[in-house]
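Visitor: Below are the structure tokens for one structure; questions will follow.
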Amino acid sequence: MVKQAKCVFCGGDVEPGTGLMYVMNDGTILWFCSNKCFNNYRMKRDPRKYKWTLKYGQQTK
Ligand SMILES: [Zn+2]
């Protein structure tokens, strides 16, 4: 059984068979639901500042 992946950027579900898997140099695997999220992540944008993400408005811990 495959664990449901969550998009690292927007926090949404990554449907099996879709999305992007990105492996960092240290072996950490990151999932993105779309190129849009991947590009925003690479630009080091904060998802809490974008209304289209599920993380919008969340507090920084
Ligand atoms: Zn996403």
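No value in this document is a laboratory result; all are computed from the given coordinates. It should be emphasised that the depicted structure is a prediction, and the values quoted were computed from it without experimental measurement. Counting neighbours? That spans all protein chains shown, and the Cβs are built from the backbone with ideal geometry, glycine included.
Visitor: Can you work out ³J(HN,Hα) from phi for every residue in segment 36-52, in order, using Karplus 6.51 cos²θ - 1.76 cosθ + 1.60 and θ = phi - 60°, giving whole Hz and x for Gly and Pro?
Guide: Values, residue by residue: 4, 5, 4, 5, 5, 5, 5, 7, 6, 7, 9, x, 5, 9, 10, 5, 7 Hz.
Visitor: Would you tally the net charge around K51, using a Cβ to Cβ cut-off of less than 15 Å, leaving K51 out, and scoring K and R as +1, D and E as -1? Numbers along the way, then the final one.
Guide: Working: positive: K36, R45, R48, K49, K55; negative: D46.
Here the charged neighbours net out to +4.
Visitor: Sticking with this one: Scan around K6 for amide H atoms under 5 Å from its own, H built in the peptide plane at 1.01 Å from N, and keep only partners 5 or more places away or cross-chain.
Guide: V14
Visitor: What relative contact order, as a whole-number percentage, does the chain give when Cα pairs under 8 Å and 6 or more residues apart are counted?
Guide: Worked out over the chain, it gives 30 percent.
Visitor: In addition: Residue by residue through segment 14-27, which ³J(HN,Hα) values in whole Hz follow from phi under the Karplus form 6.51 cos²θ - 1.76 cosθ + 1.60 (θ = phi - 60°), with glycine and proline marked x?
Guide: 9, 5, x, x, 10, x, 10, 9, 10, 9, 7, 4, 8, x
Visitor: Follow-up question, since we're still on this one. If every alpha-carbon in the chain counts as one equal scatterer, what log10 I(q)/I(0) does Debye give at q = 0.26 1/Å?
Guide: Debye curve over Cα of the chain, log10 I(q)/I(0) at q = 0.26 Å⁻¹: -1.13.
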